[in-house]
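Heads up: the structure comes next, in structure tokens.
Computed from the coordinates by the stated procedures, all read-outs in this text should not be read as laboratory data. Model, not experiment: these values are computed from the prediction. Because the Cβ atoms are built from the backbone with ideal geometry, glycine has one as well, and the counts that use them run over all protein chains shown.
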Amino acid sequence: GAVVSQHPSWVICKSGTSVKIECRSLDFQATTMFWYRQFPKQSLMLMATSNEGSKATYEQGVEKDKFLINHASLTLSTLTVTSAHPEDSSFYICSARDRTSGLYEQYFGPGTRLTVT
Amino acid sequence: AQKVTQAQTEISVVEKEDVTLDCVYETRDTTYYLFWYKQPPSGELVFLIRRNSFDEQNEISGRYSWNFQKSTSSFNFTITASQVVDSAVYFCALSDLTTSGTYKYIFGTGTRLKVLA
């Protein structure tokens, strides 16, 4: 149980285009989803927290107009990187909290590797 | 401020050696959770353990063991008789209760473990 999927697993896009990454909880309802970013050989940095049906809360320094997060249902959250640039190339990981589990519990997706050329 | 420090950036050991990965944390919370994750080259995070602040018992799971010492704010991880498959980046993480009542994770910088055959 508690499986989180991400699609796509990798994507290459041209500079200036937008790309959408999906995060789905497959066998549970996720009231809260988290988006992380990981640069090569670095740690995971939380970008934003999204609660189903409400606006995402962004961490300091994260541009909300560039990284659009939508959490429209209890099983799906999307991250759209708008007008992507090479510096946005990174590994994006989502996690989800099961509404029936403890507040501290998060289940991680397998990640999406974004390369902007 | 909440913080997780993994001072060891990279460790190399020869197969069958024991290795300990250090994790030191700072928190203002009285109730908190600590985690260890493994990130193999594929990038997907693998959950290893969760420990709450009220449970200071050490834990052993096969070749893995964890030593939680509240007095020194440390949560160290030992791999006994290391194997090549243990080669990965290991992250220690701390829960951080947000104002909205959700726990977010603060990750350490990770320790890259290389086990040589």
May I ask you to compute the full-extension gain from B:Ser71 to B:Val46, defined as 0.36 nm times their residue separation minus their alpha-carbon distance, rounded to one decimal in nm?
6.2 nm
Bin all alpha-carbon pair distances of chain A at 10 Å intervals from 0 and give each bin's fraction as a whole percent.
15, 49, 30, 5, 0
Counting other Cβ atoms within 10 Å, which GluC sites (Glu not before Pro) in region B:20-117 have at most 15 and lie in a DSSP loop?
B:Glu56
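Whole number please: convex hull volume per residue of the Cα set in chain B, in Å³?
100 Å³
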Rule-of-thumb Rg ratio for region B:1-58 [Cα; 2.2 N^0.38 Å; N residues]
1.34
With θ set to phi - 60°, apply the Karplus curve 6.51 cos²θ - 1.76 cosθ + 1.60 along region B:91-98 and write out the HN-Hα couplings as whole Hz, x wherever there is a Gly or Pro.
10, 9, 9, 10, 7, 9, 6, 8
Can you give the mean number of other chain Cβ atoms that lie within 10 Å of the Cβ atoms in peptide B:22-31?
0
Give me the inter-chain shielding for B:46-59: mean count of other chain Cβ atoms within 10 Å, whole number please.
1
At 7 Å along Cα-to-Cβ for each site, give me the label-to-label distance between A:Lys41 and B:Asn58 in nm.
3.4 nm
Residue-wise HN-Hα coupling along region B:28-36, computed from phi with Karplus coefficients 6.51, -1.76, 1.60 (Hz; x: Gly, Pro):
9, 7, 8, 10, 7, 10, 10, 9, 10
From the phi angles alone, apply the Karplus equation (6.51, -1.76, 1.60; θ = phi - 60°) to region A:64-75 and give each ³J(HN,Hα) in whole Hz, x where the residue is Gly or Pro.
5, 7, 8, 10, 8, 10, 10, 10, 7, 9, 6, 10
Over all residues in B:14-20, what is the mean tally of Cβ atoms on other chains that come within 10 Å of each residue's Cβ?
0
Which far-off residues, 5 or more places away or on another chain, put their amide H under 5 Å from the one on B:Lys114, with H placed in the peptide plane?
B:Ile11, B:Ser12, B:Val13
With +1 assigned to the C-beta of every Lys and Arg and -1 to the C-beta of every Asp and Glu, and no other charges, what is the dipole magnitude of region A:1-52 about the Cα centre in debye, to the nearest 20?
300 debye
Running a GNM on chain A with Cα contacts under 10 Å, which residue among A:Thr49, A:Thr75, A:Thr57 ends up with the highest mean-square fluctuation?
A:Thr57
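Could you tell me how many cubic angstrom of Cα convex hull volume the protein assembly as shown has per residue?
Numbers: hull volume 29.6 nm³, N = 234.
Roughly 126 Å³ of hull volume per residue.
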Sorting A:His85, A:His7, A:His71 on the 10 Å Cβ count, fewest up front, what's the list?
A:His85, A:His7, A:His71
